[in-house]
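These notes are about the structure you will find just below.
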Amino acid sequence: MRPASILAGLFLVALTLRPQIVGIGPLLPEMQDDLDTTHAVVGLLGTIPVLCMGLFAPPAAFLGARVGTRAAITWSLVLIGVFGLGRAVVPSAALVVLLTWPVGAGMGLAGALVPVAVKEHFPVRPAGPTGLYTTGIQVGSAVSAAVAVPLAAWYGGWRASLAVFSLATLVLTAVWLVLTRNDPAHERPSGRPPRLPWRSRVAWLLVVLFALMASTYYGINAWLPDSYAERGWSTAAAGSLLAVLNFVAIPASFVVPWLSDRFGTRRAWLVGMATTFVVGVAGVVLVPAAAYAWVVGLGIASGGMFALVLTVPLDLEDEPGRVGALVGMMLGLGYTIGAISPVVLGAVRDLTGSFTASLWLLVGFSALLVGSVAALPSRPASRQTTGG
């Protein structure tokens, strides 16, 4: 298969993996009112997909080995699109929450399978394709955050926005199939897939790092607009903060990994991105009027750090199966731990009556993130260090 086709296909897959989370952030106040529920319950709409990205990352490697990476990614996108449409039409909060589970399952499977596809097709220089893939995630996040409120205003509410996101996913799935139609037929491996690297110190550091990053990022995406609406901003203006954050993350997700290959170490760049998270969230609490300056910093941190963290397993392992095992452990435990962030932050808001305490919790998460990345080795460890 031509490299350009697989790169284009992976970029389109990446576009589908965040709108069902990030795109609903600006819609949460309307959804809460329409469904007549609490901050904690609508917080589940951000928590469940992140939890599923953890629960379904480890079995993704086994699914890919059984049916092939291409087929496994395809079925994952179908889950997102079909159940996303269902979520847009069901009448109650309970059913919206229930249908969020298969949507999240599709995200979890696809998110863990794409790094394996990168390693299969680009074994020598995976950083560039990884940067392109993470750029696709950021584009999908930015576009969905930007258009969620206008779509709801034009077409009659939050349900229209979710329906558009889901239909777009199904269209992109069809294009993915066309672009990858010449992928070689899958051959099941004769042996067992590699085990998760439970005894690897570096793997556990990656788990902690990813958990803190996920807690910070998804907490911001779930509640930043609502925190500014609470300060008197309009829904559209508050939602624009997420749009700016995610648009800034687009170039950062490609440029920062590129720079990390040429200047300094991965650890130094990770420490820099984590420190930028601390400054950005603390700024939102202490000087909220400078909101756009803080979200620019948060966009650089989220885009750059996410791409760097996904590149580390590709540095550590040479064989796609072992990449899948390391990525499965990192994403599986990291997302599962990070999944509680939106619902915890929403519950803290319900208990305290404002988002101030919730935002300070995010400052704490990002401060711990600085410490976790500082503990990583300055250069990637050898492949044998991650064996399990």
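All of the numbers you see were taken from the coordinates with simple rules; none came from a lab. From a predicted model like this one, the values you see are computed outputs, not experimental measurements. Here the Cβ positions follow ideal geometry from the backbone for every residue, glycine too, while neighbour counts run over all protein chains shown.
Charged neighbours of Ala291, selected by a Cβ distance under 15 Å, balance to -1 (K, R count +1; D, E count -1). For the chain, the convex hull spanned by the alpha carbon atoms encloses 117 Å³ per residue. The GNM of the chain, with springs linking C-alpha atoms under 10 angstrom apart, assigns the highest mean-square fluctuation among Leu331, Leu242, Leu205 to Leu205. Ordering Leu12, Leu95, Trp269 by Cα displacement along the dipole of the chain toward the positive end leaves Trp269 in first place; charges were set at the Cβ atoms of Lys, Arg (+1) and Asp, Glu (-1).
Assuming charge only on the beta carbon of Lys and Arg (+1) and of Asp and Glu (-1), the dipole of the chain about its Cα centre is about 1120 debye to the nearest 20.
In terms of overall dimensions, the C-alpha atoms belonging to the range 1-153 reach 52, 31, 21 Å along their principal axes, ordered largest to smallest.
So what is the calculated 222 nm ellipticity per residue for the chain, using -39500 (n - 2.57) for each DSSP H run with n of 4 or more, over all residues, to the nearest 500 deg cm²/dmol? Walk me through the numbers on the way to the answer.
Values: 16 runs with 308 residues, N = 388.
For the chain, the value works out to -27000 deg cm²/dmol.
Comparing Ala238, Ala163, Ala375 in a Gaussian network model of the chain, where Cα atoms under 10 Å apart are tied by springs, the biggest mean-square fluctuation is seen for Ala375.
Compared with the dominant principal axis of the Cα atoms in the chain, helix 93-121 is inclined by about 30°.
Using only side-chain charges placed at the Cβ, +1 for Lys and Arg and -1 for Asp and Glu, the dipole size of the range 162-290 relative to its Cα centre rounds to 640 debye.
Which angle from 0 to 90°, rounded to the nearest 10, does the C-alpha axis of helix 320-338 make with the longest principal axis of the chain? Here the helix axis deviates by roughly 20 degrees. Just so you know, the Cα atoms of the range 119-175 work out to an Rg and Dmax of 15.3, 49 Å.
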